[in-house]
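The values are calculated or read from the model by the stated rules, or taken from the named source; none is laboratory data. The structure displayed is predicted, hence computed values, not measured ones. All Cβ positions, glycine included, derive from the backbone under ideal geometry; neighbour counts span all protein chains shown. These accessible areas exclude ligands, DNA and RNA; they are computed on the full protein's heavy atoms, side chains included. Shrake-Rupley method; radii C 1.70, N 1.55, O 1.52, S 1.80 Å.
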Amino acid sequence: MSKTYHLTAPLSDEDTIQLKAGDIVYLSGIIYTARDTAHKKLIDLMDEGKELPFDVKGSVIYFVGPTPPKPGDPIGSAGPTTSYRMDSYSPRLINEMGQKGMIGKGKRNQEVIDACVKSKAIYFGATGGAGALLARQIKSAEVIAYPELGPEAIRRLEVVDFPLTVVNDTYGDDLYKIGRAKYEIAD
Amino acid sequence: MREIKYEDIVKAVKDHIIYSGTNLPKDALAALNKAYDEEESPVCKEVLKQLLENADIASSEARPLCQDTGLAVFFVKVGEDLKVVGGTLKDAINEGTAKGYEEGYFRASTCVWNTRENLKDKIGYNLPAIVHFDLVAGDGLEIEYAAKGGGSENVSRATVLPPAAGRDGIISFVKEVISNAGPNPCPPIIVGVGIGGTFENAAISSKHALFRTVGTTNKDAVLNDMEGELMTKINNLGIGAMGMGGRETALAVHIEANPCHIASLPVSVNVQCHSSRHTSFKL
């Protein structure tokens, strides 16, 4: 039976190891946005031995490219993008820099699932296509790096009770496989 | 010969884009409600509830339903006796697209294929639009529009089967594409299938199939039967809303078929996410 948790980012090992695939998490605190290009830039900085634009240790990175904010709003619609495009980058951020959480949608590869086990990180799923609903849980947004990337810039977000489901936990379980097996009917 | 003003086309395109990016069309909303009512899986039911709430918020606050406001795709039927005054029809559609996306606070998502540089300052906001023209008799102008997101486009596939593969070969290809896609295209999805024609005909037909109103019956009995069989097979995959495991994976399967070469059986599968933002209008 799935459990419900209220957690605050940045996350610790204590936070992540209690979670199981299928659990519901309402996340508050500070998280960061990054998509493909921003991830590549972070990895390039690591290769060059330079400092990253935010403290990755314990961080939760949200894979999102929001719409422009309407006047007076902190952010536009902001649902998750498909995560596999970050598969080649996430393991290094998790294993070498201590990233603890990823928010996106869709399958991850085995390297990401292994990194979640090895370094006690979580892959959370948010509801794709619920961009207007999810934006309500984002209280502030500030571009902290790569403004030239527009929607793909790195943003620091303050979120309150951001609704998430644990997809990949620290034990190697995958909700996409477990859930599907439960409801699959053979021809 | 009927005349139509360039500016009138620009305005109509712009208005329809803004409306349909913030208001889920009735057919998609009804299908989501039905999926919510019928879903047995608690996790997926919660996802569907969020999607219905999201549609409410987007509509009442005029916000984009999804941050992926898509590429603008048009199917346009132009009467041979229609004259656009003040510019070309294609320019009018592009200008309406740029204005609609920018003024609606939608995302500009077009980029250069290799450098990935955004095209908004180079060509125009979210331009170019993808426009398919069809020249028809009369002086009418009929425009079908959809905002096509990237996540569902990325799992779409086309192939050319040997004719011997036939109906069953098509069904197993479509099922395999959706099975491999799993959670990635934001299910519950609408599955567009294009059969026959040449390679590109099949792909364009599979796109156009997504514009059909969800809940309508295929007039072709053979295709209608295939749609029913595919719906069952796809929903039996157990993928469910956002791939979390459930019964409601497809909201609809729509098939369009064309005559083809004696040597080939082209098949294309184009997937549409649950945020099926489409509309049509006549000018």
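Checked across the range B:34-41, the condition of being more than 9 Å from chain A (Cβ to nearest Cβ), in contact with a strand residue (DSSP E or B) (Cβ under 7 Å, 6 or more places away or on another chain), closer than 24 Å to B:E248 by Cα and surrounded by 19 or more Cβ atoms within 10 Å (Cβ to Cβ) holds for at least one residue. Taking (1) open to solvent by 10 Å² or more (accessible area, probe 1.4 Å); (2) part of a strand (DSSP E or B); (3) within 14 Å of another protein chain (Cβ to nearest Cβ) in turn, A:K182 satisfies each apart from (2).
For the range B:180-201, the condition holds for at least one residue, the condition being that it is open to solvent by 50 Å² or more (accessible area, probe 1.4 Å) and without any contact (Cβ under 8 Å) to a residue 24 or more places away in the chain. For the range B:208-230, the condition of being touching a residue at least 40 places away in the same chain (Cβ under 8 Å) and within 23 Å of A:G125 (Cα to Cα) holds for none of the residues. Residues that are among the hydroxyl-bearing types (S, T, Y), more than 12 Å from chain B (Cβ to nearest Cβ) and crowded, with 17+ Cβ neighbours inside 10 Å within the range A:146-179 comprise A:Y146, A:T170, listed in sequence order. A count restricted to the range B:42-55 and to residues that are closer than 30 Å to B:N126 by Cβ, hydrophobic (A, V, I, L, M, F, W, C) and buried (at least 19 other Cβ atoms within 10 Å of the Cβ) stands at 4.
Would you pick out the residues in the range A:108-137 that are facing chain B (nearest Cβ under 9 Å), under 11 Å from A:V167 (Cα atoms) and in a helix (DSSP H, G or I)? Passing the criteria: none in range. Selection of the range B:104-155 for residues being polar (S, T, N, Q), under 19 Å from B:A209 (Cα atoms) and open to solvent by 30 Å² or more (accessible area, probe 1.4 Å) yields only B:N154. Answer yes or no as to whether B:G138 is at pLDDT 95 or above and in a helix (DSSP H, G or I). No. What do you reckon, is A:Y26 surrounded by fewer than 24 Cβ atoms within 10 Å (Cβ to Cβ), in contact (Cβ under 8 Å) with a residue 60 or more places away in the chain and either aromatic (F, W, Y) or touching a Leu at 6+ places or on another chain (Cβ under 8 Å) (or both)? Yes; evaluated as a whole, the condition is true for this residue.
The set of residues in the range B:231-264 that are open to solvent by less than 20 Å² (accessible area, probe 1.4 Å), hydrophobic (A, V, I, L, M, F, W, C) and either touching a His at 6+ places or on another chain (Cβ under 6 Å) or part of a strand (DSSP E or B) (or both) comprises B:A250, B:A252, B:V253, B:I255.
Quick grid of which residues meet (1) open to solvent by less than 50 Å² (accessible area, probe 1.4 Å); (2) more than 9 Å from every other protein chain (Cβ to nearest Cβ); (3) within 29 Å of A:I185 (Cβ to Cβ):
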| site | (1), (2), (3) |
| --- | --- |
| B:I57 | yes, no, no |
| B:S60 | no, yes, no |
| B:V73 | yes, yes, no |
| B:V76 | yes, yes, no |
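A single entry from B:S152, B:S172, B:S179 fulfils the requirement of being within 11 Å of another protein chain (Cβ to nearest Cβ), polar (S, T, N, Q) and closer than 21 Å to B:N33 by Cβ: B:S152.
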